[in-house]
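Heads up, the thing below is written out as structure tokens.
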Amino acid sequence: MEKTIRPIKRIIEPQHVMEGAGVLLRRSFGPNRTNLYDPFLLFDHFAFNDPKEGPIAGFPTHPHRGIETVTYMLEGNVRHRDSIGNAGIIGPGDVQWMTSGRGILHEEMPTRSPDGNIYGFQLWVNLPAAQKMSQPRYQEIKATDIPFVDDGGARFRIVAGEHLGVHGPVTQIAAQPLYMDITLQPGVELNLPVPRGHSAIAYLFEGAASFEQAPAGEGSLLPAIRMVIFDDGDAAYAQAGADGARFMLMSGAPFREPIFPYGPFVMNTREEIEQTLSDLRNGVFVQTEMAS
Ligand code: FE2
């Protein structure tokens, strides 16, 4: 069968929203029963300096059930601790892939870099019904343990999945994700294989790029910051503008199950959300206490 380039299905301009204890962030999409980006549920961009946020408020203790939250920091830190005994710092270039399963309580408190910056992304990935009540699990990867590969003016930093024979350190995720931080030198063109049938998304956060093949001079160059949702096909296309481009590329296998999101929980039915709230009220949401 002929290899096809994925057309652009939708372009999203992230909107500012308030979350946590008053954290201003850029949201491209959030959990919704329409589940348009299955298996992805949410993509947030912490960029506190644009516009300037006041005192950093962070995300005090809150629960999750039924999802995975993926934190990727570029500048600044997030200090975290949780109900299953984990505590640590997610620093520049680090990744935390948190599988909440049946439930965790955690807090996520950002701090500025020496330059005063906080810059990072949080992605929520769905869990299939059969794994929503699994044991919570963490994969914490330091920046130095995330491999990269250079190819013709492109650098690929691979968090999960495989590209050019290089495998990301995050493994055994139900959605079979590819998650990469891609930097393109000026004008560099890319055909990136993405499994057919998987959802694929690019999040352009530096420079400018075109994500559709077009006759010379007719390509639609998008400026950062934009999210591009690709339609189906064998490969995603990108060409950097005159100043280069940097974007996150994510793809994953859709679960095609109904979802019922409620705040930090994403289950399949309303009854499961009611059970979740009842578990919280009755003190059986998690079995252990917060790490000190
Ligand atoms: Fe959280």
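The values are calculated or read from the model by the stated rules, or taken from the named source; none is laboratory data. Note that the structure is a prediction, hence the values are computed from the model and not measured. All Cβ positions, glycine included, derive from the backbone under ideal geometry; neighbour counts span all protein chains shown. Note: areas computed on protein heavy atoms with side chains; ligands, DNA, RNA excluded. Shrake-Rupley method; radii C 1.70, N 1.55, O 1.52, S 1.80 Å.
For helix 270-281, report the angle its Cα long axis makes with the longest principal axis of the Cα atoms of the chain; keep it between 0 and 90° and round to the nearest 10°.
It is inclined by approximately 50 degrees.
Determine how many Å³ per residue the convex hull of the Cα atoms of region 39-144 encloses.
So the per-residue hull volume is 95 Å³.
Between ASN86 and GLN172, what is the label-to-label distance in nm when each label sits 7 Å out along the Cα-to-Cβ direction?
So the two model labels end up 1.3 nm from each other.
Determine which aspartates and glutamates satisfy two conditions relative to LYS3: a Cα distance under 20 Å, and not lying fewer than 8 residues away in the same chain.
Partners found: GLU162, GLU189, GLU212, ASP231, ASP232, ASP234.
In nm, to one decimal, how far is the modelled label at GLU206 from the one at GLN135, with both set 7 Å along Cα→Cβ?
Distance between label points: 3.9 nm.
Using per-residue counts of other Cβ atoms within 10 Å, averaged over each peptide, order 92-101, 9-18 from highest down.
Put in order of decreasing packing, that is 92-101, 9-18.
Which percent of the accessible heavy-atom area of the chain goes to carbon and sulfur, probe 1.4 angstrom?
That fraction is 50 percent.
Out of the GluC sites (Glu not before Pro) in region 93-145, which ones are loop residues according to DSSP with at most 12 other C-beta atoms within 10 Å?
none
Could you give the semi-axes, largest first, of the ellipsoid that matches region 111-177, computed as the square roots of 5 times the alpha carbon gyration tensor eigenvalues and rounded to whole Å?
Taking √(5λ) for each Cα gyration eigenvalue gives 25, 20, 11 Å.
Convert each backbone phi in region 136-149 into a coupling constant with the Karplus relation 6.51 cos²θ - 1.76 cosθ + 1.60 (shift: θ = phi - 60°), then list the ³J(HN,Hα) values in order as whole Hz, x for Gly and Pro.
x, 8, 10, 10, 10, 10, 6, 3, 5, 9, 9, x, 10, 9
Rounded to whole Hz and in sequence order, give me ³J(HN,Hα) for region 87-96 from the Karplus expression 6.51 cos²θ - 1.76 cosθ + 1.60, θ = phi - 60°, writing x for Gly and Pro.
These are the phi-based 3J(HN,Hα) values: 8, x, 10, 9, x, x, x, 7, 10, 10 Hz.
Given a 1.4 angstrom probe, what's the average accessible area per residue across the chain, in square angstrom?
Value returned for the chain: 43 Å² of accessible area per residue.
Which one, VAL194, ASN32, GLY283, is farthest towards the positive end of the dipole of the chain when Lys and Arg carry +1 and Asp and Glu -1 on their Cβ?
Sorting the options by dipole projection puts first GLY283.
Based on a Kirkwood Rh over C-alpha pairs, give the Stokes-Einstein translational diffusion coefficient of region 170-262 at 25 °C and viscosity 0.890 mPa s in µm²/s.
Answer from the Stokes-Einstein relation: 175 µm²/s.
Rounded to whole Hz and in sequence order, give me ³J(HN,Hα) for region 227-235 from the Karplus expression 6.51 cos²θ - 1.76 cosθ + 1.60, θ = phi - 60°, writing x for Gly and Pro.
For region 227-235, the Karplus-derived couplings read 10, 10, 9, 8, 7, 6, x, 8, 8 Hz, x marking Gly and Pro.
Tell me the GluC sites (Glu not before Pro) within region 203-281 that lie in a loop according to DSSP and have at most 13 other beta-carbon atoms within 10 Å.
The qualifying sites are GLU218.
With N set to the residue count of the chain, report its C-alpha Rg divided by 2.2 N^0.38 Å to two decimal places.
0.99
Compute the whole-percent fraction of alpha carbon pairs in region 53-96 spaced more than 15 Å apart.
53
Using the Cα centre of the chain as the reference point, and only Cβ charges (+1 on K/R, -1 on D/E), how large is the resulting charge dipole? Debye, rounded to the nearest 20.
For this selection, approximately 460 debye.
Work from the charge dipole of the chain (Cβ charges, +1 for Lys and Arg, -1 for Asp and Glu, about the Cα centre) and give the residue of ILE84, THR171, THR269 farthest towards its positive end.
It is THR269, whose Cα lies furthest towards the positive end.
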